[in-house]
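So the structure is just underneath, and the comments pick up after that.
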Amino acid sequence: MTSPPSGLHALYKNIFKVIVGKKDPVIYALATLLCRGHLLLEDVPGVGKTMLARALARSVDADFKRVQFTPDLLPADITGVSLYDQRQGSFRFEPGPVFTHLLLTDEINRGTPRTQSALLECMAERQVSVDGTTHPMAELFMVVATQNPVELHGTFPLPEAQLDRFLMRIEMGYPEADEELQIVRMQNAAHPIDRLEPVLSVDDVLAMQRLVPEVRVEDSVADYIIAVVRATREHRDVELGASPRGSLALTKAAQAIALIHGRDYVTPQIVKVAAGPVLGHRLVMRHKSTLGGKASVAVIQEVLHQVPVPVGTRKS
């Protein structure tokens, strides 16, 4: 394989009709979609977090719903509720916004822990249990959550169990000067998101998701992934390192990124590209390191520098 599937290439190009620059965030978002995972966008307001989610949803002919998290939002507002039907003399389930293909949870850290936890079953098992009844969800289901890491007033930090449900956590970052000028010119008359047309169907996406496990991971590369993850548990600045779920997530993400780049095998370099977004939010830093301003991403970079790349593997 020397090029990505045509549908994947079309999806990539379509998103860039709205998103200017930001090649890496777009690749990470597509990789998360291909892995049947969930994405956490963590950055300051106004850098395109919500727009990336909307562009991804509009590019696929799929259902899209958005929930603005606030402290008064209840779990039933997310998952749905059983209502008594007087005409039928029985209860009926009224589905919540999680019954969709792509769910944008805006400012997820403004929801209470009780409301945040309502997403756990949805994200992990693609089902909702209400009043002892389990309701299956769509096969294609992805949560894109946003949060502002700077503003702390009126927010509730996501617990480790919730963070671990996200395949990746990424930042958008500020645009370059020429990119910012292009953004201003693009949106002067009308926003390009209003003209964006879908290029893939739900079935197309499901078919591409089935290609990810076919991307080869040589034993030496798998050993390298395990070594990187285990090294996070032994780092002096880390209280709790990445779990085996982190190893699985890193493997899947590397396979998806390889597919996006048109490869049918994973290289150590691709593992390095995926490591930061996949593992960074899975580390619990020691209190002293946190006070010193040492971020988990810096720890990941140290680990990648220290763990030797396996000899005899394809590096590019």
The residue from Met142, Met172 that alone is assigned by TED's automatic domain parsing to the domain that holds Tyr28 and modelled with pLDDT under 90 is Met172
Please specify each residue of region 212-236 satisfying the condition of being buried (at least 18 other Cβ atoms within 10 Å of the Cβ) and either outside any helix (DSSP H, G or I) or of a type outside the set (Val, Ile, Thr) (or both).
Val215, Val217, Tyr224, Ala231, His235
Identify, by number, the condition in (1) under 21 Å from Phe166 (Cβ atoms); (2) crowded, with 18+ Cβ neighbours inside 10 Å that Pro244 doesn't meet.
(2)
Show me the helices (runs of 4 or more DSSP H) entirely contained within region 1-74 in which 2 or more residues are buried (at least 19 other Cβ atoms within 10 Å of the Cβ), in contact (Cβ under 8 Å) with a residue 24 or more places away in the chain and within 15 Å of the chain's Cα centre (by Cα).
23-34, 49-59
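Taking region 237-246 on its own, how many of its residues are under 30 Å from Leu11 (Cα atoms) and either in a strand (DSSP E or B) or not charged (D, E, K, R) (or both)?
Looking only at region 237-246, we keep the residues that are under 30 Å from Leu11 (Cα atoms), and these are 245-246.
Restricting the remaining residues to those that are either in a strand (DSSP E or B) or not charged (D, E, K, R) (or both) gives 246.
Matching residues across region 237-246 total 1.
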So how many residues does region 165-210 have that are in contact with a helix residue (DSSP H, G or I) (Cβ under 6 Å, 6 or more places away or on another chain) and of a type in the set (Asp, Glu)?
1
Flagged in region 177-211 as within 24 Å of the chain's Cα centre (by Cα) and not in a helix (DSSP H, G or I), in numbering order, are Leu196, Glu197, Pro198, Val199, Leu200, Ser201, Arg210, Leu211
Unique match (being in the same structural domain as Asp72 (by TED's automatic domain parsing) and under 25 Å from Leu34 (Cα atoms)) among His191, His135, His153:
His135
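Just to be sure I understand, how many residues within region 23-55 are among the charged types (D, E, K, R), modelled with pLDDT of 85 or more and more than 14 Å from Met142 (Cα to Cα)?
Going through region 23-55, the residues among the charged types (D, E, K, R) turn out to be 23-24, 36, 42-43, 49, 54.
Among the residues that remain, those that are also modelled with pLDDT of 85 or more are: 23-24, 36, 42, 49, 54.
Keeping just the survivors that are more than 14 Å from Met142 (Cα to Cα) gives 23-24, 42, 49.
Total meeting the criteria: 4.
Please tell me if Ala249 is crowded, with 24+ Cβ neighbours inside 10 Å and among the hydrophobic types (A, V, I, L, M, F, W, C).
Numbers: crowded, with 24+ Cβ neighbours inside 10 Å: yes; among the hydrophobic types (A, V, I, L, M, F, W, C): yes.
So Ala249 passes the test.
The values are calculated or read from the model by the stated rules, or taken from the named source; none is laboratory data. Note that this is a predicted model, so its numbers are computed, not measured. Using ideal geometry, Cβ is built from the backbone for each residue, glycine included, and neighbour counts are taken over all protein chains shown.
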